[in-house]
Amino acid sequence: MLAVLVDEPGDETRLRVGECEAPKLVPGSVRIRVAAAGVNRADLLQRQGFYPPPPGASTILGLECAGEVVEVAPGVGAWAPGDRAMALLSGGGYAQEVVVSAGSVMRVPAGLSYEQAAALPEALLTVFLNIFQLGGLPEGGAALVHGGGSGIGTAAIQLVKAVGGTCIVTAGSEEKCQRCLELGADIAVDYREGDFVAAAREATDGGGVDVVLDSIGAPYLAQNLKALAGGGRLVLIGLMGGAKAELPMGMLLTRRLQVIGSTLRTRSDAEKAELVSALLDRFGERIESGVIRPVVDRVLPLGEVAEAHRVMKASEHFGKIVLSVE
């Protein structure tokens with residue numbers, strides 16, 4: 001099969017499309033003929049040698065895909081060849097075929113193309129895990145989300161608003177802030193010149209937000225804690241700005257704050273299956289009906305994967321970048 005290969009770690013020029021062996025079907029899995037794959041910042045880290053796949057996972061880039069089921073392992077009764085599927089992956093999405101645990105696979109909503117569906121799994125499941133399960137966002141609660149114009153940010157706006165919540169986001173330009181507001185965000189702050197702590201306080205009548213979802217890390221730590229309400233939770237899912245900072249532990253104690261580190265990729269197949277099931281139980285109808293939809297910035301052919309990585313690195317996109325594999 002054809003796949004994106006990385007001969008040695010480096011910049012996007014190291015990416016090339018070449019032939020490799022198709023993955024073998026294993027118990028409990030399905031084989032998907034990939035039509036489209038979502039691009040994530042984790043892919044850029046892996047390409048550079050900073051984020052190796054978990055043991056046993058494909059070394060090919062790609063953490064989500066959509067396409068047609070072409071083979072089903074014995075005993076997997078929920079899927080059949082010909083089904084339209086989208087999947088959360090531990091790796092392997094930038095390829096013509098992928099084998100994935102059946103519990104990590106979801107049906108493509110009727111109104112979505114494969115390119116749109118490929119933009120959903122990683123973003124929706126990341127937001128659901130970290131804002132709702134770990135962050136414990138209550139109905140009508142408030143969340144501060146950094147990177148509102150990212151795939152995760154655009155998904156977070158929709159899920160938070162779906163439960164009647166208040167969503168404050170940061171973004172890197174006035175244009176992106178405006179698009180976040182159009183998508184449903186209550187307040188959007190240009191992080192280059194705005195004060196997101198003040199915005200969080202303003203949106204909550206001075207009380208602070210229940211959850212902060214942060215992929216920046218060290219530079220935002222103190223401000224994130226100030227933005228939280230008493231008993232609030234800061235959930236870290238990335239360290240794009242740095243990994244070391246002083247933690248004001250007195251503030252954690254007196255205001256009963258929690259700092260939680262989280263990754264999705266390294267969780268077991270069983271944990272991912274439970275997460276998928278819980279997401280669909282709570283938001284499945286809204287996803288199927290199109291109330292919650294992917295925001296796709298652009299679709300590029302697999303042969304232009306280097307350009308997809310360049311665009312993501314430069315943050316020139318709003319929403320998701322998708323690779324067309326067919």
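Data for the structure
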{"quantity": "Cα-derived Rg to Rh of the chain, Kirkwood definition", "calculated": "0.97"}
{"quantity": "Partners for K176 among aspartates and glutamates (Cα-Cα distance below 18 Å; same-chain residues under 8 apart left out)", "calculated": "D186, D190, E193, D195, D214, D297, E316"}
{"quantity": "Estimated inter-spin distance, K313 and R286, nm [label 7 Å along Cα→Cβ]", "calculated": "3.6 nm"}
{"quantity": "CD proxy at 222 nm, helix term only [per DSSP H run n ≥ 4: -39500 (n - 2.57); per residue of the chain; nearest 500]", "calculated": "-8000 deg cm²/dmol"}
{"quantity": "Mean Cβ neighbour count within 10 Å, used as a protection proxy, ranking 270-280, 248-258 highest first", "calculated": "270-280, 248-258"}
{"quantity": "Residues of type lysines that K244 reaches as a straight line, Cα spacing below 21 Å, ignoring anything fewer than 8 places off in the same chain", "calculated": "K226"}
{"quantity": "log₁₀ of I(q)/I(0) at q = 0.08 Å⁻¹ - segment 123-261, Debye sum with one point per alpha carbon", "calculated": "-0.17"}
{"quantity": "Relative contact order of the chain, pairs being alpha-carbon contacts under 8 Å that are 6 or more residues apart, as %", "calculated": "19 percent"}
{"quantity": "Helix 174-183 vs. the chain, principal-axis angle (Cα, 0 to 90°, nearest 10)", "calculated": "80 degrees"}
{"quantity": "Size of electric dipole in the chain: Cβ of Lys, Arg +1 and of Asp, Glu -1, about Cα centre, debye, nearest 20", "calculated": "560 debye"}
{"quantity": "log₁₀ of I(q)/I(0) at q = 0.19 Å⁻¹ - segment 235-294, Debye sum with one point per alpha carbon", "calculated": "-0.91"}
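All of the numbers you see were taken from the coordinates with simple rules; none came from a lab. Only a predicted model underlies this, so the values are computations on that prediction, with no experimental measurement involved. Cβ: placed from backbone, ideal geometry, glycine included. Neighbour counts: every protein chain shown.
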